[in-house]
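The next block holds one structure in the form of structure tokens; read it before the comments.
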Amino acid sequence: MSDSALPMPGGGVRDVTPERPSTGHTVAGYPVRETFLEKAHSWVVTVDHKKLGIMYIVYSLLFLVVAGIEAMVIRIQLAVPHNTFVSPQVYNRVFTMHGTTMVFFVGMPILIGFANYLIPLMIGARDMAFPRLNAFSFWMTALGGILLYYSFIGGVGLSNAGSAPDVGWFAYAPLTSKAFSRGHSTDYWALSLTISGVGSIGAAINMIATTICMRCKGMTMFRLPLLAWLYVVQAALILVAIGPLTAAQIMLMVDRYLGGHFFDTQAGGSAYIWMHFFWIFGHPEVYVLVLPAFAFANEIIPTFSRKAIFGYPAMVAASVAIGFVSLGVWAHHMFTVGMTSVSNAFFALSTMLVAVPTGIKIFNWIATMWGGKIRFATAMIFCVAFVFQFLISGLTGIILSVAPVDWQLHNSYFVVAHFHYVLVGGILFTIFGAIYYWYPKMTGRMLDEKLGKIHFWIFLIGFHLTFDFMHIPGFLGMPRHIYTYEPDRGWNTLNMIVSCGAVFQSVAIAIFVYNLVYSYFKGAEAGADPWDAWTLEWATTSPPPAYNFATEPIVGSRRPLWDLKHPDDLDSQWE
Amino acid sequence: MGDESGPGDLPPVLKDEAVPNLRSRDDRGSEAAVVFPIKRHALRGIAAVLFSALLSAHAYAIPQGTSVFSRDATPASGSFSLQLFVYTITIGIFIVVGSLGAYAVVKFRAKPGDEKAEPVQIFGSNQIELSWTIIPVLIVVVLFLTTARMIFAIQDTHEPGNSIKVTAIGHQFWWEFQYPQYGFTTANELHVPVSDPKDPTPTYLKLGSADVVHSFWVPRLAGKTDMIPGHPNEMWIDPSKPGMYEGQCSQFCGTEHAKMLLRVYVQSRTDFDAWVKNQQTDAVATEEQGKRVFESQACINCHAVKGTIANGRYGPDLTHLMSRDTIAAGAAENTPDNLRRWVENPEVFKSGSNMPAMNLTPEQLTQVTAYLATLK
């Protein structure tokens, strides 16, 4: 489809001639410049939501590889008991960096990156509401990641892995105080998260403002693609959750450098308060990461099942419900800290309640596939695997919500397996799906499907070897965060299997990265709408011009391109 | 499951006897394969293999010393029965929802020719949405009531008058156990009497920390409770079987978190009383040379030996060191040879330990080790 006029059923076509700066000629709306330096410059100074989105995604993928290597170090160390591959100190630094990186510099930015790229296109806007804030947010996030990794070469230098943080990703006080964490490792951790937190808040404000204010004509809130809805809920959670984290980091820095005693237990401060501050951020954070995963599934599953999403209003309601309930569950990370029985019962109940709206989502995805004609493109098989794996991780979540069971399984490898099932089996699978689905839109070329299928199957095998078997050492009493273990506990074979699975995953990631690079140059031409999909981003060219749509689209239903393709069977009559 | 079943036993359905059944079913599958398409047989075979793999993983799990499937003590047994209940519910949900999903994926895959027309568009159904909202709510209600009951049963108990009181204090990276009723302190190996169900003598632990957050976890006795500085916690155990129960710190507490191991010796009442009597006595040391080295070095800044001038509290109490099976919080067996290596350079067993190498001469080492070996 050309990028000029876009006729929409139920509305006319407004003739808006885009005014573009006339420096040199343009291809697909982007000005083509002469030198590499000028090209790089154009990316650095850009305020275009698509370029920023792509930068977020590429930045996160780089960190995915880095944090993946850290995961491999962990798995090599734990493959056999009493291993001496790395020293205890280095191991502690590596798992802290792995967790912190995966949450703050892979998960958050890649999901925000997709939001940046997709929301304006999906709601028929030309950019985010605040393009400059958008660029500022990206560069703050980028600065946070760079500062965190500078810790490896800062401080005491490269020996002993520099002074990378070694207090675990939830950094319980008073381990982070000056008395127990000497040097600057904890400072790198606290400052980098504070800085990237500023970026996340900026991005969240932008997402909400864009979705509320920038919708094209006819795009009422109840015609919004579900992806945009989920991102609104996600952004609201970011706004609520990042605040306490940043506050806690600032208090920590006050303790460390200005003689404060917030968390200084030897001076009457409270270790307990840190836990509350951290988890009142930490639990909504889980939903900050998982809601976009739902968002991708909500777009990909209908397209490849060739059916409209089942129960759109229920899906919206469930998303909003998850948003609210998730604000009241944080202390299920704290069942073992000695809360009263009533508090324990309350947080057990609130945690179990999350299962209800989450269940609604799973049922609706299955109902969407029901009666469809499912095409198993790589994007779709990742999402199908996601549905089943997310079901399992939800059920292990219910197991952990039962406080007396959690007293046993808390901080064991069962918990590690549970949240990796969510983060990898749920979120990373849909991120892969999203990349296979929207890469053609972003680059104009298809990702290689054959490589994609190989990537999927190897990753699937690796994922299940690693994370299915990881539950069992938890049952057998293996705590997390240990750099080695006793050989007589019955954990040896299981840990070896888990480590072997990690090798499969690494191979799959290598294939994936190769596919990304190879297809960028050699992939098949995508065209505007390679999947025969129904949302607005497929109405413009691939990649879209800088201004997205030559004329502002006017929509009459949730699936504007369905209406366009089936003028005799408009969605609006059913919605 | 009967009362006589061993520690960590699994319900009969998961025992090995189930395997032959499964195999014979598989055999029938292969006969059926003659009639049915080969695909079905393959699927069934894969399922059988996966299931027996799971079974062997479980069978392999049974003899382990730190399994959470335990009936050796309350409250661990309460957690275990609740676990069985929760696992049954979640596995049930998985089977129902998973089969629906699998059916949809297999049944509604695109077939050749399907690309010509789109399937019927269905936008939703309020009745169906309502049903899969209400049923999960009912399940949550049942689960919550069961959970709440167990929470209150475990947390809100009244301490009987004849309980054993222990104050457990977490240190980087070892455990201190004070027995206020008997007036002595020991380290890393907790001794408690076995509890007679007719006249229970549970052990009540007050949990504290000298530095950072630790967590006390002996899976076969009870779930874990954190040891938080400035926030004293309590837990109790009521073990019904004598034996040695292992555990370890389960809240990351610094460099040597992995080697902060823990042992609980559940003893018969007479054995326990004899142990207490010995612990209450002062140290009887005959190795004067070694004692002199010990007391003239920095050892006594951190370690206490009752009845001598050594009264440091930063490290473990050594009064009856030789009554313990391990040193360095379970990092090594307590033998004279290991003691010597440990004193010479703690890094050989535990590189992040807070105990410094004392740079003793070989002669001094021999003397100190000989002295320590007399602390029975």
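The values are calculated or read from the model by the stated rules, or taken from the named source; none is laboratory data. Quick caveat, the model's predicted, so the values are computed rather than measured. Every residue, glycine as well, gets a Cβ built from its backbone with ideal geometry; the counts of neighbours run over all protein chains shown.
Among A:H184, A:H261, A:H283, which is the only one that is within 15 Å of A:V103 (Cβ to Cβ) and either at pLDDT 95 or above or not small (G, A, S) (or both)? Can you show your working first?
Values: A:H184 fails: within 15 Å of A:V103 (Cβ to Cβ); A:H261 fails: within 15 Å of A:V103 (Cβ to Cβ).
Answer to the selection: A:H283.
Only one residue in B:I134, B:I122, B:I151 is under 23 Å from A:W365 (Cβ atoms), at the interface with another protein chain (Cβ under 9 Å from one of its Cβ atoms) and not in a strand (DSSP E or B). Which one?
The unique qualifying residue is B:I122.
Let's see how each residue does on (1) in contact (Cβ under 8 Å) with a residue 24 or more places away in the chain; (2) under 20 Å from A:P292 (Cβ atoms); (3) within 19 Å of the chain's Cα centre (by Cα):
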| residue | (1), (2), (3) |
| --- | --- |
| A:H49 | yes, yes, yes |
| A:L61 | yes, yes, yes |
| A:F85 | no, no, no |
| A:T100 | yes, yes, yes |
| A:F105 | yes, yes, yes |
| A:L111 | yes, yes, yes |
| A:F114 | yes, yes, yes |
| A:Y117 | yes, yes, yes |
| A:L121 | yes, yes, no |
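What are the residues in region B:79-133 that are within 14 Å of A:F388 (Cα to Cα), surrounded by 13 or more Cβ atoms within 10 Å (Cβ to Cβ) and among the β-branched types (V, I, T), if any?
Taking region B:79-133 as the starting set, the residues that turn out to be within 14 Å of A:F388 (Cα to Cα) are B:90-91, B:93-106.
From the residues that got through so far, the ones that are surrounded by 13 or more Cβ atoms within 10 Å (Cβ to Cβ) too are B:90, B:93-94, B:97-98, B:100-105.
Selection gives B:T90, B:I93, B:V97, B:V105.
If the requirement is being closer than 13 Å to B:Q279 by Cβ, out of contact with any strand residue (DSSP E or B) (no Cβ under 8 Å at 6 or more places or on another chain) and surrounded by fewer than 16 Cβ atoms within 10 Å (Cβ to Cβ), which of these qualifies: B:G183, B:G161? Talk me through it step by step, then tell me what you get.
Numbers: B:G161 fails: closer than 13 Å to B:Q279 by Cβ.
So the residue among B:G183, B:G161 that is closer than 13 Å to B:Q279 by Cβ, out of contact with any strand residue (DSSP E or B) (no Cβ under 8 Å at 6 or more places or on another chain) and surrounded by fewer than 16 Cβ atoms within 10 Å (Cβ to Cβ) is B:G183.
Within region B:158-183, which residues are under 22 Å from the mean Cα position of the chain (by Cα) and either at the interface with chain A (Cβ under 9 Å from one of its Cβ atoms) or over 30 Å from B:D282 (Cα atoms) (or both)?
From region B:158-183, those under 22 Å from the mean Cα position of the chain (by Cα) are B:164-178; that's our starting set.
B:Q172 - this is the single residue of region B:158-183 that is under 22 Å from the mean Cα position of the chain (by Cα) and either at the interface with chain A (Cβ under 9 Å from one of its Cβ atoms) or over 30 Å from B:D282 (Cα atoms) (or both).
Looking only at region B:304-353, count how many residues are touching a Ser or Thr at 6+ places or on another chain (Cβ under 9 Å), within 14 Å of chain A (Cβ to nearest Cβ) and assigned to a strand (DSSP E or B).
Number satisfying all stated conditions: 2.
Could you check region B:180-195 and list, in sequence order, the residues that are out of contact with any helix residue (DSSP H, G or I) (no Cβ under 8 Å at 6 or more places or on another chain) and either assigned by TED's automatic domain parsing to the domain that holds B:G315 or closer than 11 Å to B:R269 by Cα (or both)?
B:S195
What about B:I154, is it β-branched (V, I, T) and over 25 Å from B:M322 (Cα atoms)?
On the way: β-branched (V, I, T): yes; over 25 Å from B:M322 (Cα atoms): yes.
So B:I154 fits the description; yes.
Any chance region A:266-282 includes a residue that's more than 19 Å from A:G425 (Cα to Cα) and touching a Leu at 6+ places or on another chain (Cβ under 6 Å)?
Checked region A:266-282: at least one residue is more than 19 Å from A:G425 (Cα to Cα) and touching a Leu at 6+ places or on another chain (Cβ under 6 Å).
What is the residue count in region A:391-403 for residues that are more than 7 Å from chain B (Cβ to nearest Cβ) and touching a residue at least 60 places away in the same chain (Cβ under 8 Å)?
3
Within 9 Å of chain A (Cβ to nearest Cβ), within 17 Å of the chain's Cα centre (by Cα) and at pLDDT 95 or above: is that true of B:F216 in this structure? Spell out how you get there, then give the answer.
Working: within 9 Å of chain A (Cβ to nearest Cβ): no; within 17 Å of the chain's Cα centre (by Cα): yes; at pLDDT 95 or above: yes.
So B:F216 fails the test.
From the list A:A235, A:A164, which one is surrounded by 24 or more Cβ atoms within 10 Å (Cβ to Cβ) and outside any helix (DSSP H, G or I)?
A:A164
Is there any pair linking a residue in region B:349-376 that is of a type in the set (D, E, K, R) to one that is assigned to a helix (DSSP H, G or I) and surrounded by 18 or more Cβ atoms within 10 Å (Cβ to Cβ), with Cβ under 6 Å and at least six apart or on different chains, and which?
Final answer for the pair search is B:K350/B:K259.
With the checklist (1) among the β-branched types (V, I, T); (2) facing chain A (nearest Cβ under 9 Å); (3) touching a residue at least 12 places away in the same chain (Cβ under 8 Å) in hand, flag the one item B:T201 doesn't pass.
Among (1) among the β-branched types (V, I, T); (2) facing chain A (nearest Cβ under 9 Å); (3) touching a residue at least 12 places away in the same chain (Cβ under 8 Å), the lone unmet condition for B:T201 is (2).
Test each condition in (1) more than 14 Å from chain B (Cβ to nearest Cβ); (2) surrounded by 20 or more Cβ atoms within 10 Å (Cβ to Cβ) for A:L476 and report the one that comes out false.
(1)
Tell me whether region A:294-317 contains one or more residues that are in a helix (DSSP H, G or I), closer than 16 Å to B:E129 by Cβ and more than 10 Å from chain B (Cβ to nearest Cβ).
Yes, region A:294-317 contains a residue that is in a helix (DSSP H, G or I), closer than 16 Å to B:E129 by Cβ and more than 10 Å from chain B (Cβ to nearest Cβ).
Can you pull out every residue in region B:244-287 that is of a type in the set (D, E) and more than 14 Å from chain A (Cβ to nearest Cβ)?
Within region B:244-287, B:D271, B:D273, B:D282, B:E287 meet the criteria.
Would you say A:G462 is in contact with a Ser or Thr (Cβ under 6 Å, 6 or more places away or on another chain) and part of a helix (DSSP H, G or I)? If you could, list the steps in order and put the result at the bottom.
Working: in contact with a Ser or Thr (Cβ under 6 Å, 6 or more places away or on another chain): no; part of a helix (DSSP H, G or I): yes.
Against the criterion (in contact with a Ser or Thr (Cβ under 6 Å, 6 or more places away or on another chain) and part of a helix (DSSP H, G or I)), A:G462 does not qualify.
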